[in-house]
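Notes follow once the structure below has been shown.
The values are calculated or read from the model by the stated rules, or taken from the named source; none is laboratory data. Since this is a predicted model, take the numbers as computed values, not measurements. Every residue, glycine as well, gets a Cβ built from its backbone with ideal geometry; the counts of neighbours run over all protein chains shown.
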Amino acid sequence: MHAFFPRHCALCAAPSLDRPLCAACDADLPRHSIPVCPICALPALDGHVCGSCLRHPPAFGHTLAAFSYGFPIDRLLQAFKYAGSLALAEALAEPLAHLAAKHPKPELLLPMPLHPARLKERGFNQALEIARPISRRLDIPLAADACRRTRDTPSQAGLKWQQRRGNVRGAFACDLDLTGKKVAILDDVMTTGSTLDELSRVLLKRGAAEVSAWVVARTLKE
């Protein structure tokens, strides 16, 4: 069937059989393999905790990022998030699941929530769609509706670090008792980490023993 009806690469349109990307484009993805701070996943000497996290530690204690945010992973994420290419969810989830499998497994996976107005506009929550295959592959319970976005905050894009922090302050709520649980928040992209930090604070107040951030891509320059 593949010989007659080959699947085409989402980036270059070359035949890719049963894969969303051809081998050449997959090899070009900017895998997040440089030494990074284990807390924020920004470049750090020998992979030690960076000075920023030592001075101002975020509420989450660890970050896993499959890629650095750059070409061509940015094109895939944009097509997935803004053009509704939901078939890419599996391709975006697989590398993150592979990375996460090498680390201690949390007891619960929480997708970054969207405000109902944004969800209605987009039609899906990109974080949830990526979380589903990771939950299945790693056998981690997925709490899809445990967290809520209580304010429809403006987009974080284009805001400075302090503005981003203020923009999401008080924007989340959690209805789940997380006493003693180790949880991971899943999101598509981490830029300054302000959104993940704010939600992590809410989860810790609900009793979580430890919060990690799992993202498909990490922006290397704040």
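Of everything in the range 125-155 that's small (Gly, Ala, Ser) and in contact (Cβ under 8 Å) with a residue 12 or more places away in the chain, which residue is surrounded by the most Cβ atoms within 10 Å (Cβ to Cβ)? Once the filter is applied, the top-ranked residue is Ala131.
When the range 203-222 is limited to residues that are buried (at least 20 other Cβ atoms within 10 Å of the Cβ) and over 13 Å from the mean Cα position of the chain (by Cα), the one that is nearest to Arg75 (Cα to Cα) turns out to be Val211.
Go through (1) within 13 Å of the chain's Cα centre (by Cα); (2) in a helix (DSSP H, G or I) and name the single condition Leu109 misses. The single condition Leu109 does not satisfy is (2).
I'm checking my understanding of the structure. Among residues of the range 129-174 that are assigned to a loop (DSSP other than H, G, I, E, B) and in contact with a strand residue (DSSP E or B) (Cβ under 7 Å, 6 or more places away or on another chain), which one is modelled with the lowest pLDDT?
Ala171
Taking the criterion of being closer than 15 Å to Ser135 by Cβ and among the acidic types (Asp, Glu), the residues of the range 85-124 that qualify are Glu90, Glu94, Glu107. Of the residues making up the range 94-111, none is closer than 15 Å to Ile185 by Cα, in contact with an Asp or Glu (Cβ under 7 Å, 6 or more places away or on another chain) and either surrounded by 15 or more Cβ atoms within 10 Å (Cβ to Cβ) or at pLDDT below 95 (or both).
Within the range 176-199, restricting attention to residues that are among the small types (Gly, Ala, Ser) and surrounded by fewer than 24 Cβ atoms within 10 Å (Cβ to Cβ), which residue is modelled with the lowest pLDDT? By that ranking, first place goes to Ser194.
Restricting to the range 100-117, name every residue that is of a type in the set (A, V, I, L, M) and farther than 25 Å from Val202 by Cβ.
Across the range 100-117, the qualifying residue is only Ala101.
Checked against the criterion of being farther than 17 Å from Leu186 by Cβ, assigned by TED's automatic domain parsing to the domain that holds Val183, at pLDDT below 90 and in contact with a Ser or Thr (Cβ under 6 Å, 6 or more places away or on another chain), the candidates Ala87, Ala83, Ala79 yield just one match: Ala79.
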